[in-house]
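Report on one structure; see the data block that follows.
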Amino acid sequence: MNPDALRGHMDALLLSVLEAEPLHGYAIIEALQERSGGALSVPTGTVYPALRRLERTGHLASEWATVGGRKRRTYRLTDSGRRQLEGERSAWREFTTVIGSVLRPRPGDARAETGALRP
């Protein structure tokens, strides 16, 4: 998937992955990949700064935990983060509806239905 396609949607993706349970950074990256069927391979250099930013805005909280003898920072959604996620979902539904209505072929336009539109 084109990394530019994620621009502006990373917050919603991270909040959504953390909705069910707290996770550490690498588990978040794995969850994104798993939930996308392998289509999203987001680098750590994108995820960790976004997690810190979401924590600064109050949408996430974090704490250090020891997992398998290793210290890891675990992130969880706050009430503010849940409200933000609902807003992101609403905005996403509106966005996909609007873009879909533009991209959908117009009824009766045979050129659009056959893919023959050329400038």
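Throughout, read-outs are computed from the coordinates displayed, never taken from laboratory work. Remember, it's a predicted structure, so these values are computed and weren't measured experimentally. Cβ sites come from the backbone with ideal geometry, for glycine too, and all protein chains shown count toward neighbours.
For segment 6-16: of the residues being out of contact with any strand residue (DSSP E or B) (no Cβ under 7 Å at 6 or more places or on another chain) and in contact (Cβ under 8 Å) with a residue 12 or more places away in the chain, which is surrounded by the most Cβ atoms within 10 Å (Cβ to Cβ)? Applying the filter and picking the extreme gives Leu14. Listed by position, the helices (runs of 4 or more DSSP H) contained in segment 8-77 that have at least 2 residues being among the acidic types (Asp, Glu) are 25-35.
Of the residues making up segment 68-88, those that are surrounded by 11 or more Cβ atoms within 10 Å (Cβ to Cβ) and either of a type in the set (A, V, I, L, M, F, W, C) or over 16 Å from Ser16 (Cα atoms) (or both) number 4.
Is segment 79-100 home to any residue that is without any contact (Cβ under 8 Å) to a residue 40 or more places away in the chain and on the phi > 0 side of the Ramachandran plot? So far as segment 79-100 goes, no, none of its residues is without any contact (Cβ under 8 Å) to a residue 40 or more places away in the chain and on the phi > 0 side of the Ramachandran plot. Beta carbons closer than 7 Å, at least 6 apart along the sequence or on distinct chains, pair a first residue in segment 48-65 that is in contact (Cβ under 8 Å) with a residue 24 or more places away in the chain with a second that is of a type in the set (D, E, K, R) and part of a helix (DSSP H, G or I) for Ala50/Asp11; Leu54/Asp11. Residue count for segment 68-92, restricted to those that are of a type outside the set (Ser, Thr, Tyr) and over 19 Å from Arg7 (Cβ atoms): 13. Note on segment 89-110: among residues that are under 13 Å from Ala12 (Cβ atoms) and basic (Lys, Arg), the one that is surrounded by the fewest Cβ atoms within 10 Å (Cβ to Cβ) is Arg93.
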